[in-house]
Amino acid sequence: MERNGPGETRTTPPVAKADGLKEALSAIRETYLQDGRPWVVGFSGGKDSTCTLQLIWEALRMLPAEQRAKPIHVISSNTLVETPAIVSYIRGTIAAIARAGKVDGLNVSARLVEPIVEESFWVNLLGRGYPAPSTKFRWCTERLKISPADRFIKNQVATYGEVVLALGVRSSESATRAQVMSMRKIEGTRLRTHKKLAGALVFAPIEAWTTDDVWSYLLQNADTPWGSDNNDLAAMYRTADAECPLVVDTTTPSCGNSRFGCWVCTVVTRDKSMEAMVDSGAIWMEALLAIRDELADTQRSARRLEVRSARKLDGRVLLKNHGNELALGPYTFAYCKELLAKVLTAQRDLPPEANDFELITDAELLEIRRIWRSERHDWEDTLPRIYEACFGKRWFSVSEASADSEEDAEIVDRTALEFDIPELLMRKLIDTERRTYGLRRRSDIFKKLNDVLDRDWRDQAALLADLAAMDS
């Protein structure tokens, strides 16, 4: 028996179902020819998306050349925190798909879709202090996977009016999936409307296929049109827990327990993928594994109190469990600075075999610096200094304005200490004033200052002590 995913097993070899294959190829050709809508094909490199793309390719090659003009956009997600092996594999496969489309006379384009810098993992975690994702707060899926794919689809809809979104989704994946797929069908077609994207019509060529059907097709047609070998894909699945699909909405299974997910993922208990890579000789990935494990450790109760603020991002202090426990906010600024240094050190120590793999990009560092200075009141402009300490060279030149701000910070912090006022409160009041300085109308400046003053400015120790006193 071979394991295909959670709760799925199959015998080897499977038996192909000729009728199901014939029906799928016919459905693809008919749907392709029935209108002028371009197609967007979601491709993750897993078994279902590979099967779907390969079926589409095979069906369209059966058509006369003059009937293959309709555009087909193959998209794959790069979260910017994929494991190095997956990044290399997907980049190579996307390039191969584009080349093979030209050779076979198909109007195929292929590209990676990525999160915009403001929504990237490190900008949210290190910049804004979002805690590492968990099953209760999985903020990453929407920003890193759904939004980039949706953004591309919306752009195509804006250009063409409507598009067909071809996905490798199957009813047998789960009861929820089957229920969703039974809804929103367009009468007289094989299409259904998308749950939230107006103008996107969903087509699922392997909707009725089982896992056995998928592997039957892949292994009996092992050589893909773009040059990869499905036997290699099967070999990966023999040691995998699940696949990581292209996620286009909240009903699509995410990477949860997958070995093929992001290297920073803390939703899984252990990162078996990186552990296996380290065991196979990629010793340099131990630094990545250490960062991932540290992020997971911040979810322990005792550690949470050390690295997370008592206030939410909007400044509120909230209680949970009937008022007996603080509902903690983002990572503290001090911890974000500490963690950034570890990420940059790991990036500095990447070996030549890591090729062009990046842990964090310059664009992300620029955005993190902006957030630190404007939202976390980092007058000292510490990000360039952290970078210089890690790499031994300047990445940003530290301007005179930064030097002035550092001197100002010393004066303000000393004054705050003298009058027993929270340092952050003083900085926030001054930054609030600065944002309206020079405007012709400043009628709401007092309201903004009052909003700052109305917040609870007790430090974390005081909050915990008062909470304990309430319990006694």
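Couple of notes before you dig in:
- All conditions in (1) under 30 Å from G45 (Cα atoms); (2) within 22 Å of the chain's Cα centre (by Cα); (3) buried (at least 16 other Cβ atoms within 10 Å of the Cβ); (4) at pLDDT 75 or above hold for G329, with the sole exception of (1).
- Number of residues in segment 68-91 that are hydrophobic (A, V, I, L, M, F, W, C) and at pLDDT 95 or above: the value is 3.
- In segment 375-397, the residues that are out of contact with any Phe, Trp or Tyr (no Cβ under 6 Å at 6 or more places or on another chain) and without any contact (Cβ under 8 Å) to a residue 24 or more places away in the chain: R385, E388, G392, K393, R394, S397
- Single condition A65 does not satisfy, out of (1) touching a helix residue (DSSP H, G or I) at 6+ places or on another chain (Cβ under 8 Å); (2) among the small types (G, A, S); (3) modelled with pLDDT of 90 or more: (1)
- Whichever residue in segment 258-303 is under 23 Å from A235 (Cα atoms) and small (G, A, S) and, among such residues, is modelled with the lowest pLDDT: S258
- Flag if A341 is touching a residue at least 40 places away in the same chain (Cβ under 8 Å) and either touching a helix residue (DSSP H, G or I) at 6+ places or on another chain (Cβ under 8 Å) or under 19 Å from A132 (Cβ atoms) (or both): yes
- Residues of segment 54-74 satisfying the condition of being in contact (Cβ under 8 Å) with a residue 60 or more places away in the chain and touching a strand residue (DSSP E or B) at 6+ places or on another chain (Cβ under 9 Å): I56, W57, H73
- Count - residues of segment 49-79 that are in a helix (DSSP H, G or I) and over 30 Å from E119 (Cα atoms): 12
- Residue check, S120 crowded, with 23+ Cβ neighbours inside 10 Å and either at pLDDT 95 or above or among the polar types (S, T, N, Q) (or both): yes
- Qualifying positions in segment 395-438 - touching an Asp or Glu at 6+ places or on another chain (Cβ under 6 Å) and modelled with pLDDT of 85 or more: none
- Test: residue in segment 141-153 that is outside any helix (DSSP H, G or I), at pLDDT below 95, in the same structural domain as A24 (by TED's automatic domain parsing) and under 15 Å from the mean Cα position of the chain (by Cα): no
- Pair list, Cβ < 6 Å and 6+ apart or interchain, from segment 197-225 residues that are of a type in the set (D, E, K, R) to residues that are part of a strand (DSSP E or B): D212/R10
- Residue count for segment 208-220, restricted to those that are farther than 14 Å from K22 by Cα and surrounded by fewer than 17 Cβ atoms within 10 Å (Cβ to Cβ): 2
- Any hit, segment 124-134, residues being of a type in the set (A, V, I, L, M), crowded, with 20+ Cβ neighbours inside 10 Å, in contact with a Ser or Thr (Cβ under 6 Å, 6 or more places away or on another chain) and assigned to a loop (DSSP other than H, G, I, E, B): yes
- Restricting attention to segment 37-51, the residues being modelled with pLDDT of 95 or more and acidic (D, E) number 0.
- Within segment 349-370, the residues that satisfy the criterion of being closer than 17 Å to W395 by Cα and hydrophobic (A, V, I, L, M, F, W, C) are L359, I360, A363, L365, L366, I368.
- The residues of segment 80-115 that are surrounded by fewer than 17 Cβ atoms within 10 Å (Cβ to Cβ), part of a helix (DSSP H, G or I) and not hydrophobic (A, V, I, L, M, F, W, C), listed by number, are S88, R91, G92, R99, K102.
The values are calculated or read from the model by the stated rules, or taken from the named source; none is laboratory data. Please read all numbers here as calculations on a predicted model, not as lab measurements. Ideal geometry is used to build each Cβ from the backbone, glycine not excepted, and the neighbour counts take in all protein chains shown.
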